[in-house]
């Protein structure tokens, strides 16, 4: 193997600057996906068939097509669809948020269904309206149970964010590729990018495990 990191190591700080972009995309996409995921999960458990159909259709679309395709449609298709070119960074957050909504809604739906039905029945018997019951009783318990799964979704978002390099977002992958183009050595900067992603994922995994242990102690 002909590996020589001496020519690319000076560019390591340049590649490392992409971590902020990677985490920003994952954070904002995860936050929006969480908010919309709650709404979509309530659609899925609703007794109104129209809302069930909308939620199921949405989930099937975003779970049934590649994320990179959704990203490219939103970015490259925006001038044709809305007459305005969306910025790469914005397009990345929108596409990841829409995709994450589908997966997070399933996680939240499972968490809601796992809550003892006796509590919601008791709340209804006491005359508690549906919305306050969901907000104050059911959702807090559901979220406590699914927090580790939500953390795993955030870790997945962090890794999958690497595909934003296809639309020119200056994340870790894009910067590594640029260093490769400048030095005519691609393996070394890509390996450095892999190490950065690995460290990020391991760090987030440790946080997830710490959260899970804390939740277990609270039970």
- Message: Any residue that is part of a helix (DSSP H, G or I), in contact (Cβ under 8 Å) with a residue 40 or more places away in the chain, within 23 Å of residue 153 (Cα to Cα) and within 22 Å of the chain's Cα centre (by Cα) - is there at least one of those in region 76-84?
- Response: no
- Message: Taking the criterion of being within 17 Å of residue 67 (Cβ to Cβ) and at pLDDT below 90, would at least one residue in region 144-158 satisfy it?
- Response: yes
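Taking region 163-190 as the region of interest, how many residues are part of a helix (DSSP H, G or I) and surrounded by fewer than 14 Cβ atoms within 10 Å (Cβ to Cβ)?
Keep residues of region 163-190 that are part of a helix (DSSP H, G or I), which gives 163-167, 172-183, 187-190.
Now restrict to residues that are surrounded by fewer than 14 Cβ atoms within 10 Å (Cβ to Cβ): 181-182.
The qualifying residues number 2.
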- Item | Condition check for residue 54: modelled with pLDDT of 95 or more, farther than 18 Å from residue 171 by Cα and surrounded by fewer than 19 Cβ atoms within 10 Å (Cβ to Cβ) | yes
- Query: All but one of (1) touching a residue at least 40 places away in the same chain (Cβ under 8 Å); (2) crowded, with 17+ Cβ neighbours inside 10 Å; (3) touching a helix residue (DSSP H, G or I) at 6+ places or on another chain (Cβ under 6 Å); (4) closer than 30 Å to residue 197 by Cα hold for residue 112; which doesn't?
  - Reply: (4)
- Does region 120-134 contain at least one residue that is in contact (Cβ under 8 Å) with a residue 40 or more places away in the chain and either assigned to a helix (DSSP H, G or I) or touching a strand residue (DSSP E or B) at 6+ places or on another chain (Cβ under 9 Å) (or both)? yes
- Item | Pair list, Cβ under 7 Å, 6 or more apart: region 182-203 residue free of Cβ contacts under 8 Å to residues at least 12 places away in the same chain, other residue in a helix (DSSP H, G or I) | 186/180
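The values are calculated or read from the model by the stated rules, or taken from the named source; none is laboratory data. This is a predicted model, so every value here is computed, not measured. All Cβ positions, even for glycine, are placed from backbone atoms using ideal geometry, and neighbour counts span all protein chains on display.
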